[in-house]
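Data block below; observations after.
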Amino acid sequence: MIAVRMWLGVVITGMLMLPGCSKQEEPRKVDLEKRSATGVNEDSGVPHLRVAVGGMITPKAGFIYYRQFLDRIAEKTGIPVDFVDREGYAEINELIRTGKVDLAFVCGGPYVDGRRAFGMELLAAPQAYGGQVYYSYIIVHKNSGLKTFRDLRGKKFAFTDPLSNSGKLVPTYMLARMGETPDSFFREYLYTKTHDNSIKAVAQGIVDGAAVDSLIWEYDNRTSPQFTSATTIIERSPPYGIPPVVVRKDLDPQLKDLLRQIFLNAHQDENGRAILKGMMIDKFLPIEDSAYNSIREMQAWLAAQKDWKGTGR
């Protein structure tokens, strides 16, 4: 059966109310139309650092800590920091490629794509829950009676973003290994844009199952389990390289080194530790590009099956 594919905009906003941040908690957002290619604020003539947050390891409720970290970057560098507000992973990659964003928190999948396409560079990566890995969780409602991923055949399913590793690539790979595609296996599927939305969609019965970032689910489950407590994890993927912090390839090398030190030393003082604790990050560490090879392997395997449409079983 052909699946219904849609981006959930106004409709899901009404159905899935995010806790979010208040306007007082949000970093100042930047209008990219008022920025030159060098990052100069055309209103003031002062160079700004532009940062996008696309692959958080916390849900929207924890965004205040990202704001505090951006403030810390501004303080340590002496450069005003602009928050570039985008949700789509592909759009953030394009902003990095074109130099309209200098630094970004991204998912592992978009990093692999950006590295291959235009040389996106790793800056650092968090260590969370004792490691630099995360998982894709397949979740269902706790009262659904569903026990395995195969039980979701003919059900309604939520992906997050088309470029998400944990929220799209991993479950698609799992299906392919079963001889299926999303179209052949699910009655219907949709994209929620964020892992927060996917968790809520399952908890509220809007979908039967979802693939979500383990870091987001674990953060919610420890801090505000209203929705995670209504879900059950029925499958956990192998580990993948954790969502990293990246920079554009042509960023000034001295600024790049300074930014790297700000991240790597954040746990060395009381203020930094408090911010990291709120983000449920132990500390930031260097990470090798090879940490993301397992994502590349999935992408390559699926690409080799590009003409295959699944069995429809």
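The values are calculated or read from the model by the stated rules, or taken from the named source; none is laboratory data. Remember, it's a predicted structure, so these values are computed and weren't measured experimentally. Positions of Cβ are backbone-derived with ideal geometry, glycine not excepted, and every protein chain shown enters the neighbour counts.
Structure summary
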read-out	value
Residues satisfying the stated conditions in segment 68-120, i.e. among the β-branched types (Val, Ile, Thr) and more than 18 Å from Lys249 (Cβ to Cβ)	Ile73, Thr77, Ile79, Val81
Residue that is farthest from the chain's Cα centre (by Cα) [pool: residues in segment 76-101 that are of a type outside the set (Ser, Thr, Tyr) and more than 23 Å from Asp113 (Cβ to Cβ)]	Gly78
Residue ID - surrounded by the fewest Cβ atoms within 10 Å (Cβ to Cβ), chosen from residues in segment 50-61 that are of a type outside the set (A, V, I, L, M) and modelled with pLDDT of 75 or more	Arg50
Restricting segment 175-197 to residues that are in a helix (DSSP H, G or I) and touching a helix residue (DSSP H, G or I) at 6+ places or on another chain (Cβ under 7 Å), the residue that is surrounded by the most Cβ atoms within 10 Å (Cβ to Cβ)	His195
Filter result (surrounded by fewer than 18 Cβ atoms within 10 Å (Cβ to Cβ), touching a Lys or Arg at 6+ places or on another chain (Cβ under 8 Å) and among the charged types (D, E, K, R)) within segment 62-93	Asp85, Glu87
Search result, residues across segment 221-232 that are among the β-branched types (Val, Ile, Thr) and either outside the structural domain of Asn143 (by TED's automatic domain parsing) or crowded, with 17+ Cβ neighbours inside 10 Å (or both)	Thr228, Thr231, Thr232
Test set (1) in contact with a Pro (Cβ under 7 Å, 6 or more places away or on another chain); (2) farther than 29 Å from Asp289 by Cα - Lys142 fails condition number	(1)
Among residues of segment 147-168, those that are surrounded by fewer than 19 Cβ atoms within 10 Å (Cβ to Cβ) and not in a helix (DSSP H, G or I), counted	6
Segment 94-126, subset of a type in the set (Phe, Trp, Tyr) and under 20 Å from Thr194 (Cβ atoms), residue surrounded by the most Cβ atoms within 10 Å (Cβ to Cβ)	Tyr111
Failed item in (1) farther than 20 Å from Val53 by Cα; (2) outside any helix (DSSP H, G or I), with Pro171 passing the rest	(2)
Complete set of residues in segment 75-87 that are in contact with a strand residue (DSSP E or B) (Cβ under 9 Å, 6 or more places away or on another chain) and either of a type outside the set (A, V, I, L, M) or in the same structural domain as His195 (by TED's automatic domain parsing) (or both)	Thr77, Pro80, Asp82, Phe83, Asp85, Arg86
Yes/no for Ser144 being part of a helix (DSSP H, G or I) and surrounded by fewer than 22 Cβ atoms within 10 Å (Cβ to Cβ)	no
Flag for Asp250 being over 22 Å from the mean Cα position of the chain (by Cα) and more than 26 Å from Trp217 (Cβ to Cβ)	yes
